[in-house]
Amino acid sequence: MADMDPHFSAATRRTNLAALATDTIDLLVIGGGITGAGIARDAAMRGIRTALVDAGDFASGASSRSSRLIHGGLRYLEHGQLRLVFEASRERRVLLRIAPHLVRACPFTFPVHRGSRVKRWQISAAVWLYDLLALFRNVHAHRLLSRRGVLQREPLIRDHDLKGGAVYWDAQCDDARLTLANVRSAHQHGAWCASYVRVTALEKAGGRVRGAELEDVLAGTRFMVRSHVVVNATGPWSDRVRRLDDPAAKPLLRPTKGAHIAVPRQRVGNAGAVTLTSPIDGRVMFVLPWGETTIVGTTDTDYDGSPDDVRADGDDITYLLRSANAVFPNARLQRGDVIAAWAGLRPLLGDGPANASAVPREHKIVESASGLITIAGGKLTTYRSMAAQLVNLVARKLRRLDGRRLPARAATDTEPLPGGDVADLEALARELEKEGVPSGAADHLVHTYGGEATAVANLAADDPALAGPLIAGGPWLRAEVVHHARREMALTVGDVLVRRLHLFHAHPTRGVGVARTVAGLLSRELGWDDTAAALAAERYVAEVTRPAP
């Protein structure tokens, strides 16, 4: 199995790719989003020789473009998806326990106005059923609210025609870092993991898939990896990989686009998380606090373009702004208020109803005639149980192959993810303050890295050049970039600013002003010269300043 070194860097990647070029493994997982990461973690914990590759950075697809919610799915009750809500509620409890720094309980206010598609009695019934399906083990029980109660919680919500509402509990998460934590856990349990590795062909022997041709995107080299089982966990790209196996494969997916915008929170004035129905089409959507910003989302529209090209366009942004302004009329949000806009594709199954929002969020596992296993559908919240089901199938296939024993179930529900083994995040933040970390930075570190916040603080303490803020007045430290390179396999400026620090989403400059600084810090870890560092910064700036279509 792979090295158990806690470091997870460019050097780790080189070692892993060298091993894959020479060894035969049990399981190759294609796709480093949340589903593939969960599969790799589960399989590695069972002792299955596992590799995980992604054509881009880990979580660079749909898994970093979500609403950042770990939720039972209150709106799924409307479509009768009770089993999914029950499963999601259970998984929410698990993730709050194993990743408390990345998954945080949060109350949601759901206002009801006269004329709303969702009536007050429907909300009452829904939140009762929601807590029932959570076996009344949610963080807190729901409460029905009068008109006055809603305004006490959210004073700036439109009071005209306000009838009342409810408050219920769900959880917010850092989607990209949750994915990365699963990848790192898989690595710690022996999996070979590498980003920026594209599958260009599937290798077959005797009509069965027995490996793949891999391309190192960064080096431009190709090599073969031999694997007893190959799993396609590429989300919106699933049908593309299936056609590498069978060019005539019928589409399995019906992708729908979910777009989001981030705006200054002070402009909206939401005190907390708000669930609302858009006055435009009645769709349930969210207004979510995220630091100094508010996230508004999401849309749900069919998408027939390439997954590589999905973006939030002008129509998406207009829809989200109008929906938020209708519920928070004092905001008067305009296009110029949008700090960032992003969109991801939900890899939904193609055999659902005409209404995109009603398409089931459940998953399906299919195996082709040549043995390629594809997992499609599902949602962020239920990734762990999806992974366990798939690895059960892989274990049975390996047993039929060579008679090995079935491994015991992996304790993915009890073993903390990296950074999750801290009992009291606030106490840890205060300890860091005593050691000289500024208060804002200390809070940011523990809620980003959990128990690993101390490692980042130690980098800053050991090198004064890393102790300063990345952006003046902000909580982000230069030491974090070095941590990302050494322990989180950050290989580009975008890896840092988009998926590890979220400056793209959270800061008015989208991180453009510090792209050169980040590139300089990465260059010391990755061996870039000045020219390569400058190009890396320029590529990031060009990508994030490209105007919306």
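The values are calculated or read from the model by the stated rules, or taken from the named source; none is laboratory data. On a predicted model such as this, the values are computed, not experimentally measured, just so you know. Here the Cβ positions follow ideal geometry from the backbone for every residue, glycine too, while neighbour counts run over all protein chains shown. Just so you know, the surface numbers come from the protein's heavy atoms only, side chains and all, with ligands and any DNA or RNA stripped out. Shrake-Rupley method; radii C 1.70, N 1.55, O 1.52, S 1.80 Å.
Summary table
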{"item": "Whole-Å distance, taken between Cα centres, linking segment 261-322 and segment 365-393", "result": "29 Å"}
{"item": "Area accessible to solvent at Y196, 1.4 Å probe radius, in Å²", "result": "30 Å²"}
{"item": "Computed magnitude of the charge dipole of segment 266-335 (debye, nearest 20; Cβ of K, R +1, Cβ of D, E -1)", "result": "580 debye"}
{"item": "Extension gain (nm, one decimal) between K119 and A455, 0.36 nm per residue minus Cα-Cα", "result": "116.0 nm"}
{"item": "Residue-averaged [θ]222 nm for the chain, counting only DSSP H segments that reach four residues, each worth -39500 (n - 2.57)", "result": "-11000 deg cm²/dmol"}
{"item": "Cα-centred dipole magnitude for the chain, charges only on beta-carbon of K, R (+1) and D, E (-1), debye, nearest 20", "result": "1740 debye"}
{"item": "Solvent-accessible area per residue for the chain (1.4 angstrom probe, square angstrom)", "result": "39 Å²"}
{"item": "Local net charge near M45, Cβ-Cβ under 14 Å (Lys/Arg +1, Asp/Glu -1)", "result": "+2"}
{"item": "Local electrostatic count, V103, Cβ distance below 13 Å [Lys/Arg +1, Asp/Glu -1]", "result": "+3"}
{"item": "E543 accessible area, 1.4 Å probe, all protein chains in place, Å² to nearest 10", "result": "100 Å²"}
{"item": "Cut-off under 5 Å, modelled amide H: who pairs with K204 long-range", "result": "R210"}
{"item": "Options Y196, A219, S238, ranked by Cα towards positive dipole end of segment 180-243, top entry (Cβ charges)", "result": "S238"}
{"item": "Rounded percent of accessible protein surface that carbon and sulfur make up, segment 384-486, 1.4 Å probe", "result": "50 percent"}
{"item": "N330 versus R404: modelled label distance in nm, points set 7 Å from Cα along the beta carbon direction", "result": "6.2 nm"}
{"item": "Cβ-defined net charge surrounding H160, 13 Å radius [Lys, Arg +1; Asp, Glu -1]", "result": "+2"}
{"item": "Per-residue ³J(HN,Hα) for segment 120-129, Karplus 6.51 cos²θ - 1.76 cosθ + 1.60, θ = phi - 60°, Hz, x for Gly and Pro", "result": "5, 5, 5, 5, 4, 5, 5, 6, 5, 5"}
{"item": "Calculated from backbone phi, Karplus (6.51, -1.76, 1.60) coupling profile of segment 271-277 in Hz, x at Gly/Pro", "result": "6, x, 7, 10, 9, 9, 10"}
{"item": "Accessible area, probe 1.4 Å, largest first, for residues E488, E203", "result": "E203, E488"}
{"item": "Förster-model FRET efficiency, 56 Å R0, H140 and D246, C-beta, rounded to 0.05", "result": "0.70"}
{"item": "Under the Karplus curve 6.51 cos²θ - 1.76 cosθ + 1.60, θ = phi - 60°, whole-Hz ³J(HN,Hα) for segment 432-446, x wherever Gly or Pro sits", "result": "5, 4, 4, 8, x, 7, x, 4, x, 5, 4, 5, 4, 4, 6"}
{"item": "Interchain or long-range residues, amide H under 5 Å from G164's placed H", "result": "V112"}
{"item": "Of K163/K379; K119/K379; K119/K364; K257/K379; K204/K250; K204/K397, those spanning more than 23 Å from alpha-carbon to alpha-carbon", "result": "K163/K379; K119/K379; K119/K364"}
{"item": "Interchain or long-range residues, amide H under 5 Å from R404's placed H", "result": "none"}
{"item": "Cα-centre dipole for segment 243-297 with unit charges at Cβ (Lys and Arg positive, Asp and Glu negative), debye to 20", "result": "100 debye"}
{"item": "Shape of segment 196-256, Cα gyration tensor, a/c cut at 1.5", "result": "oblate"}
{"item": "Computed label-point distance, nm, for sites I365 and E203 using a 7 Å Cα→Cβ extension", "result": "2.5 nm"}
{"item": "Dipole axis of the chain (+1 Lys, Arg; -1 Asp, Glu on Cβ), positive-most option in T531, H160, L52", "result": "H160"}
